[in-house]
């Protein structure tokens, strides 16, 4: 009996496992690998935060691998009425073969994993968004053939995406530059741990971050749960727009990523999002392929 594996953050995989997983995702996308390793298995999907790409990619991916997926919003299950996470973890573990959760607190995902006897996947928390990073790395590989020697520029909020980019850079060793307004930097502990492993810099200057970068990536200025800060953030982030001028500073073959949904005209302009350097919709599709590889790795 193998010990169960969880995927709560990027470093839950080794560098070798991560690269193997991306290779599996490419084979699944190309139709080379059509195995159905989840036949007879069920994934429970818990959503405390709404979703388009996470829900569709996990549900479709599980079915394409031969399994079934259960959608459980916190309104539909006892978690929404105060059932302890540890109780739910133990009950679900007796009925399903894996659990994906998309919620607010990282601590809740960690508690779920601690008490569950089946693999637990972090579908997003306020601190981390590791599944999105798998898709982003896959998109980078498709564009450049390799991640080695590449420079990634993050423009905007030091949010869960920025934190997971930092962990990916620390694991795989590529250079990462984050341009964030003062007071909106990424998690200090995550930064410190990974900055010791590779070149990761935080700057208030988007031009500095984007100079010669191969990947320019961003996210909305106010994430779910931060709607009340929208106006305040509009002021703080006014200079942090991925536009044609910023892209002119990046490498000539640079690509643009955005995890979506995008606010056109805020963090990214229409001309860049719909332009020739955008890989945003490839990236969205790659959620499906990356997550299928992850599900096969954890649950088969």
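What follows draws every value from the coordinates through simple rules; no lab data is involved. Just so it is clear, the structure is predicted and the values come from calculations on it, not from any experiment. Neighbour counts are summed over all protein chains in view; Cβ atoms, including those assigned to glycine, are modelled from backbone coordinates with ideal geometry.
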Of all DSSP beta bridges having both residues in region 1-134, the percent classed as antiparallel (nearest 5) is 0
Rounded to the nearest 10 degrees, the helix 15-30 long axis (Cα) sits at an angle to the longest Cα principal axis of the chain of 80
Rounded to 10°, Cα long-axis angle of helix 280-299 versus longest principal axis of the chain: 30
Looking at the chain as a GNM with Cα springs under 10 Å, which of 45, 140, 95 has the largest mean-square fluctuation? 95
Descending Cα extents along the principal axes, region 1-148, whole Å: 48, 33, 33
If you rank 207, 12 by fewest surrounding Cβ atoms within 10 Å, what's the result? 207, 12
Mean separation of Cα pairs under 8 Å and 6+ residues apart, divided by the residue count of region 132-283: what relative contact order is that in percent? 24
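Sorting check: for 274-282, 168-176, 117-125, 246-254, which peptide has the highest mean count of neighbouring beta carbons within 10 Å, and how do the rest follow? Walk me through the intermediate numbers first.
Details: 274-282: 15.4, 168-176: 21.8, 117-125: 23.9, 246-254: 17.1.
Highest to lowest by the protection proxy: 117-125, 168-176, 246-254, 274-282.
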Which residue fluctuates most in the GNM of the chain (Cα springs below 10 Å): 229, 59, 111? 229
Helix-only CD estimate at 222 nm, as mean residue ellipticity for the chain, using -39500 (n - 2.57) per DSSP H run (n ≥ 4): -12000 deg cm²/dmol
Using the alpha-carbon atoms, what tilt in degrees (0 to 90, nearest 10) does helix 130-144 show relative to the longest principal axis of the chain? 50
Explain nothing, just the number: relative contact order of the chain, from Cα pairs under 8 Å at least 6 residues apart, as a whole percent. 20
Which of 32, 101, 202 fluctuates most in a GNM of the chain (C-alpha springs under 10 Å)? That residue is 32
